[in-house]
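Visitor: To start, I am sharing the structure in question, which I have written as structure tokens.
Read-outs throughout are calculated quantities, based only on the coordinates presented, and are distinct from any laboratory measurement. What you see is a predicted model, and the numbers here were worked out from it, not measured in a lab. Glycine also receives a Cβ, built like all others from the backbone with ideal geometry; neighbour counts cover every protein chain displayed.
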Amino acid sequence: IYANIWKTNRIAIIDTRTGKVSGWIDLTGLLDRQKYGNTPDVLNGIAYDPNTGHLFVTGKLWPVLFEITTETAPSSLSNTTY
């Protein structure tokens, strides 16, 4: 399970077996605030494509959708930064 942490640029990775956080994804700097100003709001959209292993992320009022990949499989993510 991926869960955004409100008012942060972090996504928690939650182990479905235990319900505990097993890792973090830090998306700080993903959206260029200088380019888009302060109009975009918080990170709040997360989707996982099991066919490609990619994550799609966006936020409230963000003008873009990002497709990102990890260096490790989602089941072994821990403190990942993009």
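Visitor: Non-local amide H neighbours of Leu27 (under 5 Å, H modeled in plane, Pro and chain starts lacking H): which ones?
Guide: Those qualifying (amide H under 5 Å, at least 5 residues apart or on another chain) are Arg10, Ile11.
Visitor: Just order 6-13, 47-54 by mean Cβ neighbour count inside 10 Å, highest at the front, would you? Display every interim value, and only then the final one.
Guide: Numbers: 6-13: 15.0, 47-54: 10.6.
Answer by packing, highest mean first, reads 6-13, 47-54.
Visitor: Fewest to most neighbouring Cβ within 10 Å: what's the order for Phe56, Phe66?
Guide: Values: Phe56 14, Phe66 17.
Ranked by crowding around the Cβ, least crowded first: Phe56, Phe66.
Visitor: With label points built 7 Å along Cα→Cβ from the Cα atoms of Lys20 and Tyr48, find their separation and express it in nm.
Guide: It works out to 1.8 nm between the two label points.
Visitor: Now, a different point. Full extension from Thr28 to Lys7: what is 0.36 nm times the residue separation minus their Cα-Cα distance, to one decimal in nm? Each step should come with its number before you reach the end.
Guide: Working: separation 21, 0.36 × 21 = 7.56 nm, distance 1.16 nm.
Difference between extended and current length: 6.4 nm.
Visitor: Tabulate in residue order the Karplus-calculated ³J(HN,Hα) for region 56-64, using 6.51 cos²θ - 1.76 cosθ + 1.60 with θ = phi - 60°, rounded to whole Hz; enter x for Gly and Pro.
Guide: Karplus values, whole Hz, x for Gly and Pro: 10, 10, 7, x, 5, 6, 6, x, 9.
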